[in-house]
Amino acid sequence: MGRESDLRELDAALRELSRAVHRAAERLTRMEPLTQAQAEVLRVIVHEPGTVPGHLAVVTGMRPSNVSTVLRHLTELGLIERETDPADRRSSRILPTRKAIENAARIDAARTRLVLDALDTVDETEVGRLLAAVPALRSLAHALHDRG
């Protein structure tokens, strides 16, 4: 295989892994399913309470109109609240509800447990390779984020 083909395989493997963990965590927690975009926006809101819609668009790489749609759905589910930004009354800050914070903790715990349990079934040599790849994967994530 050539470099481009290998990199496509890496991309496909990363997407497959992400989808598998996302779906398995939803099944395990028996929570209302969220799309990956909704889950990502909610993750940012939980970790950065008070964020603004424009920031969400930048960090998720979504169009502002799509962020608005996701925020509307998350509001309907009772996962977020909007408050007027005291520094600029024309804009709103997005805050997670208690339900969102509790759900995020459950999902994080479920995701961690799923991955750890799955790693127990993987050959130790392969686990070592995965662990050795963590710095490179983080560098890739930063490079993608910076292009954002």
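At a glance:
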{"item": "Fluctuation leader among ARG129, ARG93, ARG30 - the chain, Gaussian network, Cα springs under 10 angstrom", "result": "ARG129"}
{"item": "Fluctuation leader among SER92, SER68, SER18 - the chain, Gaussian network, Cα springs under 10 angstrom", "result": "SER18"}
{"item": "The range 93-148-the range 41-78 distance, computed between alpha-carbon centres (Å)", "result": "20 Å"}
{"item": "Compactness relative to 2.2 N^0.38 Å, alpha carbon Rg of the range 1-68", "result": "1.39"}
{"item": "Helical mean residue ellipticity (222 nm; -39500 (n - 2.57) per DSSP H run of 4+; nearest 500) of the chain", "result": "-24000 deg cm²/dmol"}
{"item": "Under 14 Å, Cβ to Cβ, from LEU137 - net charge with Lys/Arg +1 and Asp/Glu -1", "result": "+2"}
{"item": "As computed over the chain, the Cα convex hull volume per residue (Å³)", "result": "133 Å³"}
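Read-outs: derived from the displayed coordinates by stated rules, not from any lab. All figures in this text were calculated on a predicted structure; none of them were measured in a lab. Cβ sites come from the backbone with ideal geometry, for glycine too, and all protein chains shown count toward neighbours.
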